[in-house]
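The values are calculated or read from the model by the stated rules, or taken from the named source; none is laboratory data. All values reported here derive from a predicted model rather than from experimental measurement. Cβ coordinates were reconstructed from backbone atoms using ideal geometry, including for glycine residues, and neighbour counts include every protein chain displayed.
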Amino acid sequence: MSPLSTLTPPLKKSSAIGYGRLRGGARYAPTLATLGLFLAMFAVGAGMYPSFLSGQVLLNLFIDNTFLTVLAVGMTFVILTGGIDLSVGAVVALSMMVCASLLQAGWNPSMVIPLVILIGGGLGTLMGLVIQYFDIQPFIVTLAGMFLARGLCYVISLDSIPVTDPFFTSMAQARIPLAGDLFISPGVLIAVAVVAVAFFILHHTRFGRTVYALGGNEHSAMLMGLNVKGTKVAVYAVSGLCSAVAGLLFSFYSLSGYSLAAQGMELDAIAAVVIGGTLLTGGTGYVLGSVVGVLVLGIVQTFIAYDGTLSSWWTKIVIGGLLLVFILLQRLFSRKTY
Amino acid sequence: MNKIVPVVQMDDIEIGFPGVKALDRVSFRLFQGEVHALMGENGAGKSTLIKALTGVYSIDAGTIVVLGESKRFSTPAESQAAGISTVYQEVNLCPNLSVEENILLGREPRRRGSIDWRGVRARGKEVLAQLHLEHVDPGSLLSEHSIAIQQLIAIARSVEVNAKVLILDEPTSSLDAGEVAQLFDVIRELRDRGVAILFVSHFLEQVYEISDRMTVLRNGCLVGEFMTRDLSRISLISKMMGKEMDVLAELDQAPVRIKSTSNASVVPFIETEGLGRKGSVSKVNLSIYPGEVVGLAGLLGAGRTEIARLLFGADKSDQGSIKIKGKPQKLRSPRSAIDANIGFCSEDRKEEGLIGDLTVRDNLVLAMQASKGWARRIPRRVQDQLVDEFITTLDIRPANPDALIRNLSGGNQQKVLLARWLVTNPELLILDEPTRGIDIGAKTQIQKLVAKLASKGMAVLFVSSEIDEVLRVSDRVAVIKDREMVAEVINDDISEHDVMAVIAGGPE
Amino acid sequence: MKSLLKNRLTWPLVALLALLALNQVFRADFLALRMQDGHLYGSLIDILRNGAPTVLIALGMTLVVATRGIDLSVGAIVAIAGAISCSYIASSSDPSSLATAGTAAAIAVVAGLALGVWNGFLVSVIGVQPIIATLVLMTAGRGVAQLVTGGQIVSVSNDHYKSIGAGYAFTLPISILITAAVFVLAAVLTRRTALGTLIEAVGINPVASRLAGIRARNIIWIVYVFSALCAAIAGLMISSNVTAADANNAGLYIEMDAILAVVIGGTSLAGGRYSLVGTVIGAFIIQTLTTTVYTLGIPPEVTLVFKALVVLSVCLLQAPAARNALRRFRPAPKLPAKEKVAI
Amino acid sequence: MIKKSMFAVLAATGLALTACGGGGASAGAANGSGGDKITMGFAQVGAESGWRTANTKSVQESAKEAGVDLKFSDAQQKQENQIKAIRSFVQQKVDVIAFSPVVESGWDTVLKEAKDAKIPVILTDRAVDSKDTSLYKTFLGSDFVAEGKKAGEWLVEQSKSSEPVNIVEIQGTTGSAPANDRKQGFEDAIKDDPDLKIVASQSGDFTRSGGKQVMEAFLKNNPDIDVVFAHNDDEGLGAIEAIEAAGKVPGKDIKIITIDAVKDGMTALSNGKINFIVECNPLLGDQLMDLAKKVVAGQDVPQRVVTEETTFTMEQAKQVLSSRQY
């Protein structure tokens, strides 16, 4: 409950200046609102189920969502420019399939991992090029990319392929102990590193600032002499790269390749980014907000698993309902007139 | 001076768009240390020529030589790399980023590959100070500032690069007198430092004040290059318009104001008492009578636009009251204002006026259609009648109702927007900067139209940053200062100076 | 000829015809129609009948997209409509009567309208971004449908109900006649009234539209309600076609098909100008594509790759930039979209 | 159940709205270990078909009868969700975990965690391909390959005469385990009979409308279809509609074989519209609870328990139809 009291001031502040134009502090309002809701949710869970209130439950949110975190990071880049990437889920599956099939064929992980990252980045770049140079809407190009990547999964194999490679197995089963008997997986470190790099790129490099400029006003960014074309292609490449990394993390997580894996994960990633406070119109948002968005989606699932009485359909309805609650509260806290 | 090699030399430039030749073998030169005005009516090809030089458009034929090197720009980045920096009329910055970032975007100081944010702040402050903008917080969002400040920040951005060539495309259209003077100081400073400056403006006085030389364009063709001091205003206008002097006599500068009939006995159409909105404006006591033009004068950012928006319900008021024809009324939305027979032309034509991808016809009847509701479509026959009528009376060109409005020039777009409200036959028409960024011909037409409308009994609220324009058209002038209405003067041969004195002196 | 090439409907139409021709090459009697049991029978009829739900949903989606929106919930609404009507019929005392079928359809349509009102409320009143607002119903809606059916496939045997999706009238499938009627309704609604112009205005410039006095809220509300209505009718068709409500799978991913159809038909997802005819062509391209997969005997594992390539090439054909590039093999001096041509 | 879940939502909503935590602690949901009552965490695949729902229902009802406290989690066909659910069961220290894997591979990590926490695991319905069989106690479920085989064997038996038989296959969801296995089993069974030939094979996504659309196309592309093999009843039922619409008689002009034996399928079978159904029994609940009790009590259980499944012809179907529960 104490986290809530620390949270109240910024919320109040942002709603107080709800009129007028967005001011400095209000830039963080949606993200802070989400963070507050996450903490509230955690408090409610802890109140309802005693074993909920444990550090490991919190850490499991990270362990179980490494891939989604990385996907959301890539998606944040794309959405910041005002675009969208629907292909990420399918590219995750493709990365897993390539990984699993090559490892099965006896390749060395030191060859497979760079190759997978290359394929992901390559697909992303390709989609970016089509979007930029043929001037086709990102929604459609990446939808086609989704079909293509998913289709290639089937072409590789219809059966699920187990991964038995020792490196992958060790990545999957290694436990990095923290204080007490708490632990995290190596994947969490990778995800955290990706988040850190993304944060650095977005806030401390010219490329990152161009991403924001592009989302603010593409035409102006062009007239300001920024490299709009290159940046636009690059964000899709980044998203592709992130999808590939997420695919590797998913491989570590599940030690298999499965052509139907990660279906609909693109919508989870988009939802996480938006819940985290990034506007789909571009220009506003933070990569850390997206991480909070992922945690929110994760805690909703944990909540449902702890409840354990929801039937299949009530699970769906509750997820939808909680999504709605988050959106509405976020609107409430960060209301902006137009 | 002729011996010196020009910084920029453009020869026989041709650019065509589908169906139109925008530039036809135009040549142009720009020398170091001069302010060169590019003159012409809307649509003469000024913007196109500038965009050819800044790499926004590719040229179809001709040569561009910058500092002795032949260039062919295909992106603004290339042009900027060659030392050419541009400030456009429409602020082309990113509203979602901070002021300092907008100034330094793409050129941020870096340390070991990472942006040096402290350096950004320091440099931002420095540049703002150069333009006497110390009061602007470099860390604030661009969108928090008025259009005028944004425009100055855009100039700050181009000052920052140490450009060889600085292009200012209508930089003053949203600045008030003080800011213009401030800007001109900066321009002279830069000129004396050896920067070649290309200046485009519709304000003749400003052009004569600042420029050394001018190039005149008409209909995409070159008319000629002149020394400013050798060319009289009247002959410049005749060169721009391609008309003889007697035709120009029509465009006299005498007041177009028609003394309104005595309306002492009439109830004001709208009357506000203590009207205001938190964080915006306050204490607005304004009444406008039928058949009267009331001007709103004040410095930029004084709250002129805010008052206009309150009277139209575009923003909700939270203080004071409004009476319409003597009856208290709340204006919660533009719709409620429209239902009360009020019309409003916004100062931001592009963002708040035009529906770019719709035709002139659709744009023109839009407000009327909106107030009828979607279910009752205005019959095509009636639409055609209205559109034809206004195309003729307002001289809208091209006279093609099916042209997309975004393809019209600024002045013609403005006329369509005016017509949008005129067809609804409003009792009060609020015009916020209706003549900004349009050429003299169209400007005079609009001023005359306002006078004519008032003489037919319409109440008009006329907002403009040009005090002389306000004085020419209004019967009364309300003076705004620091987001409050401070005075109301009957426009009885008062001068610009008088109004300035009120602004300077505060409430009487 | 030149204006024909410029017309934005030309390329989708060419793509559709090319696909049909491809089928004809592989199977000589593909385009043949014959009479059977008093109605027309053949692959073309199948395309019409099976494509009807997609066309219907895409029509609603077109108007939503024109206001800069998107409706991801249509698939869930399809499931809910089917679930409600079939459950009603299955539990009624007279499960095979016309009255039962009519009541069931009416209840489902009303439910669809209510869901549309809900979506419209979130988008226009609360101001939630459309993709997220409709994601709520997309997620929860299928759960609601399963709740109605108890997770089971509810089979009905009601010939009247069956005729909605599988019946024939005037030798044509009733479903396509219903779709045609909705198309006419949409066309009349948007072009005979001012709705179309106002939708486009709101989609192109919402701020200016508000200042011009357009009640954007109502307009946006109307399009979401219309979209949901179309989805509900499509839900009736889909469940009636197989005389069963499958809450889990009915209308799954149909939102993607519909959005594709809208875009292939030449309406930009950025809002503004739209083309209902283009959408219809786009939807039939997608349905024909499915049929082509069957005709050509493309194995299921490469079906998606094939679809991706076709979709991409249709979109490429349509994109002016791509056409210019193909024609001249160098990037055209593209005018930035937001830039007004200053002449 | 509905009431309780509503409460959970309302609690979450209300608390979040007023932004003051705590409160709803009295939700009263039984949790974790406690007493002699067995707590079972059950991670279901999803609710993707009627068969699956019957399966879920069976497990839930049997748990109630057997006095087992069931923690149910729906993975919505996603492996990662299932892993998360199992992990949260471990966290909650349930007595036994049962789950129907979404996919065969990739369970080692999470199952090891369960093993480390000394929680026994029972697989239902689908197997995992883990080499380490100590990770789970037993696998209870049907054999998809065998189902496909049974369908093929019946067909081989029926077509003794040496006339060529044209078969069309309507597959399940591309890439899913039942589709892959049933296809393989069927092909294995008919490969020795040169007269039996699969002339076309497409995915009908396990749905009626999928089955109908695929069958419509098959009928137009292939003039002589003798047999339809559909991977589940729903696809077969869709195919029947397409066959009838084409003016042919299902069951006579074209023979139909399906798998599952849900009620609608059995009805069609008893009406002669389907010729043969291989059963795939979803009612595993009672068997599962028995196994769970034994496992928790530390008794030995066989590694593999195959559900009792049979096949149905028209006559058999007529006899059992009235007693069919799902």
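Quick notes on this one:
- Residues located in the stretch B:226-256, provided they are at pLDDT below 70 and of a type outside the set (Asp, Glu): B:Lys243, B:Met245, B:Val247, B:Leu248, B:Ala249, B:Leu251, B:Gln253, B:Ala254, B:Pro255, B:Val256
- Flag for D:Ile257 being within 21 Å of D:Glu157 (Cβ to Cβ) and either crowded, with 24+ Cβ neighbours inside 10 Å or modelled with pLDDT under 90 (or both): yes
- Within the stretch C:208-217, the set of residues being within 8 Å of chain B (Cβ to nearest Cβ), closer than 27 Å to C:Leu115 by Cα and either out of contact with any Lys or Arg (no Cβ under 9 Å at 6 or more places or on another chain) or assigned to a helix (DSSP H, G or I) (or both) comprises C:Ser209, C:Arg210.
- Within the stretch B:79-97, being in a strand (DSSP E or B) and facing chain A (nearest Cβ under 9 Å) holds for B:Ser85, B:Thr86.
- Residues in the stretch D:271-326 that are part of a helix (DSSP H, G or I), β-branched (Val, Ile, Thr) and at pLDDT 90 or above: D:Val295, D:Val296.
- When the residues of the stretch D:48-81 are filtered to those that are farther than 22 Å from D:Arg324 by Cβ and part of a loop (DSSP other than H, G, I, E, B), the one that is farthest from the other protein chains (Cβ to nearest Cβ) is D:Gly67.
- Counting only residues that are surrounded by fewer than 16 Cβ atoms within 10 Å (Cβ to Cβ) and in a loop (DSSP other than H, G, I, E, B), the stretch B:179-202 holds 2 of them.
- D:Asp181 vs. criteria within 27 Å of A:Leu94 (Cβ to Cβ) and not in a helix (DSSP H, G or I): no
- Taking strands (runs of 3 or more DSSP E) as the structural unit, those lying wholly within the stretch D:191-270 and holding at least 2 residues that are within 13 Å of another protein chain (Cβ to nearest Cβ) and within 17 Å of D:Gly148 (Cα to Cα) correspond to D:196-203.
- Counted residues, the stretch A:174-216 - those being surrounded by fewer than 23 Cβ atoms within 10 Å (Cβ to Cβ), more than 19 Å from A:Ser290 (Cα to Cα) and not β-branched (Val, Ile, Thr): 12
Residue-by-condition table, conditions (1) modelled with pLDDT of 90 or more; (2) not charged (D, E, K, R):
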residue	(1), (2)
D:Lys160	no, no
D:Ile170	yes, yes
D:Gly185	yes, yes
D:Pro194	no, yes
D:Val199	yes, yes
D:Glu216	yes, no
D:Val227	yes, yes
D:Asp233	yes, no
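- Criterion (touching a Phe, Trp or Tyr at 6+ places or on another chain (Cβ under 8 Å), part of a helix (DSSP H, G or I) and within 27 Å of A:Val300 (Cβ to Cβ)) met by exactly one of C:Val148, C:Val144: C:Val144
- Scanning the stretch B:50-78 for residues that are closer than 16 Å to B:Leu166 by Cα and at the interface with chain C (Cβ under 10 Å from one of its Cβ atoms), we see that the one that is surrounded by the fewest Cβ atoms within 10 Å (Cβ to Cβ) is B:Ile50.
- Number of the condition not met by C:Pro12 [criteria: (1) surrounded by fewer than 16 Cβ atoms within 10 Å (Cβ to Cβ); (2) away from chain D (no Cβ under 14 Å); (3) not small (Gly, Ala, Ser)]: (1)
- One residue from B:Lys443, B:Lys452 being in a helix (DSSP H, G or I) and touching a His at 6+ places or on another chain (Cβ under 8 Å): B:Lys443
- Residue in the stretch A:224-235 that is modelled with pLDDT of 90 or more, buried (at least 24 other Cβ atoms within 10 Å of the Cβ), part of a helix (DSSP H, G or I) and away from every other protein chain (no Cβ under 14 Å) present: yes
- Test: residue in the stretch B:129-141 that is part of a helix (DSSP H, G or I) and either more than 11 Å from chain A (Cβ to nearest Cβ) or in contact with a Phe, Trp or Tyr (Cβ under 7 Å, 6 or more places away or on another chain) (or both): yes
- Top-ranked residue of the stretch D:123-168 - restricted to ones that are of a type in the set (A, V, I, L, M) and part of a strand (DSSP E or B), ranked as nearest to D:Phe42 (Cα to Cα): D:Leu123
- At least 2 residues being farther than 15 Å from A:Gly83 by Cβ and among the aliphatic types (A, V, I, L, M) is the threshold, and among the helices (runs of 4 or more DSSP H) wholly inside the stretch A:130-223 those reaching it are A:138-156, A:166-173, A:186-204, A:218-223.
- Subset of the stretch B:361-409 that is among the basic types (Lys, Arg) and surrounded by fewer than 14 Cβ atoms within 10 Å (Cβ to Cβ) - its residue that is farthest from the other protein chains (Cβ to nearest Cβ): B:Arg381
- Criterion applied to C:Leu72, C:Leu147, C:Leu113, C:Leu48 was being within 28 Å of C:Thr190 (Cα to Cα) and either buried (at least 24 other Cβ atoms within 10 Å of the Cβ) or within 14 Å of chain A (Cβ to nearest Cβ) (or both), and the one residue passing it is C:Leu72.
- Residue count, the stretch C:271-322 (criterion: within 14 Å of chain A (Cβ to nearest Cβ) and on the phi > 0 side of the Ramachandran plot): 2
- Taking the criterion of being crowded, with 21+ Cβ neighbours inside 10 Å, among the β-branched types (Val, Ile, Thr) and farther than 12 Å from B:Leu311 by Cα, the residues of the stretch B:333-360 that qualify are B:Ile355, B:Val360.
- Taken across the stretch D:89-101, residues that are assigned to a helix (DSSP H, G or I), more than 23 Å from D:Asp260 (Cβ to Cβ), facing another protein chain (nearest Cβ under 7 Å) and not acidic (Asp, Glu) do occur, with at least one present.
- Within the stretch C:183-207, if we keep just the residues that are surrounded by 21 or more Cβ atoms within 10 Å (Cβ to Cβ) and hydrophobic (A, V, I, L, M, F, W, C), the residue that is farthest from the other protein chains (Cβ to nearest Cβ) turns out to be C:Ala186.
- Candidate set from the stretch D:115-126 (those that are of a type outside the set (Lys, Arg) and buried (at least 16 other Cβ atoms within 10 Å of the Cβ)); member that is nearest to the chain's Cα centre (by Cα): D:Asp125
- The residues of the stretch B:98-128 that are in a strand (DSSP E or B) and either facing chain A (nearest Cβ under 8 Å) or within 30 Å of B:Arg349 (Cα to Cα) (or both), listed by number, are B:Ser98, B:Arg110, B:Ser114, B:Ile115.
- Residue list for the stretch A:283-337, restricted to those being part of a loop (DSSP other than H, G, I, E, B) and in contact (Cβ under 8 Å) with a residue 24 or more places away in the chain: A:Gly283, A:Thr284, A:Gly285, A:Tyr286, A:Ser334, A:Arg335, A:Lys336, A:Thr337
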